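Data block below; observations after.
The values are calculated or read from the model by the stated rules, or taken from the named source; none is laboratory data. Everything quoted here is computed from the prediction, not taken from an experiment. Heads up, the Cβs are rebuilt from the backbone with ideal geometry, glycines too, and the neighbour counts pull from every protein chain shown. Ligands, DNA and RNA are stripped out before the accessible areas are found, and what is left, the full protein with its side chains, is counted by its heavy atoms. Shrake-Rupley method; radii C 1.70, N 1.55, O 1.52, S 1.80 Å.
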Amino acid sequence: MVMADKHMHKFVVEMGGIETTVKAMKRYSQEHDGVAASGSGLISAICGYDATTDHKIMDCGAIRVLVQAMEYWPDNEEVQAYASDALNRLALNKVRDVQKKIIDVGGLVALAQARTKHQHDARVNSLAAKAIILLVSQESRSAES
C-alpha cells in the first residue's frame, strides 16, 4: 500500500479531504463499491503519519466508515485490503483513543472476517492479521492496568 508524501498529506488533510471522503462513502449504496474502495485507499494513504491526523480521522467518522465498508462489501478485495491497511496503520500509531474506537465500532470483527473470507489474498490476510495482533495486544495491556 502507498502512503502519501508529506506535502500531499498536508494538503489533503488541511483542505478537508478526510471529511469529504467520509461523506462520499456514506452517501453511496451497496452497488457503488468503487467509491468505498477509492475512499478506503485515500484514508489508508493519509493515516498513520501523526496522532493529530489519526484523531481527525477518528473524529470525523472515518474509522466507522472503513469498518462499514468492510461489512457492506465483504467480497471486494480492494475495499478489504485498503480498509485493513488503514486500520493497521491507525493501530500501529498506538494512539489509545483511536485503537479503542476501532474496537468499539467492530473493527476487530471486520478484520477477522476479512482474514477468513480472503485467506488466499496476501494483502488482506497480512494487513488484517497485523492489525488484529496490535489491537488485541493493546487491549490486553489496557485490561491489565
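With a 1.4 Å probe and every protein chain left in place, work out the accessible area per residue of segment 91-143 in Å², rounded to a whole number.
The answer is 53 Å² per residue.
If you build the convex hull over the alpha carbons only and average its shadow over all orientations, what do you get for the chain? Give it in nm² to one decimal.
Taking the Cα atoms of the chain, their convex hull projects to 7.7 nm² on average.
Using a probe of 1.4 angstrom, how much of the accessible area of the chain is carbon and sulfur, in percent?
Roughly 54 percent, rounded to a whole number.
Relative to a virtual label point 7 Å from the Cα of S126 in the Cα→beta-carbon direction, which members of segment 49-88 show backbone nitrogen distances below 19 Å?
77-88
Mind putting a number on the dipole of the chain about its Cα centre? Charges go on the C-beta only, +1 for Lys and Arg and -1 for Asp and Glu, and I need it in Debye to the nearest 20.
Roughly 280 debye for the chain.
Taking 41 Å as R0, compute the FRET efficiency from the Cβ-Cβ separation of A112 and R27 and round it to 0.05.
0.90
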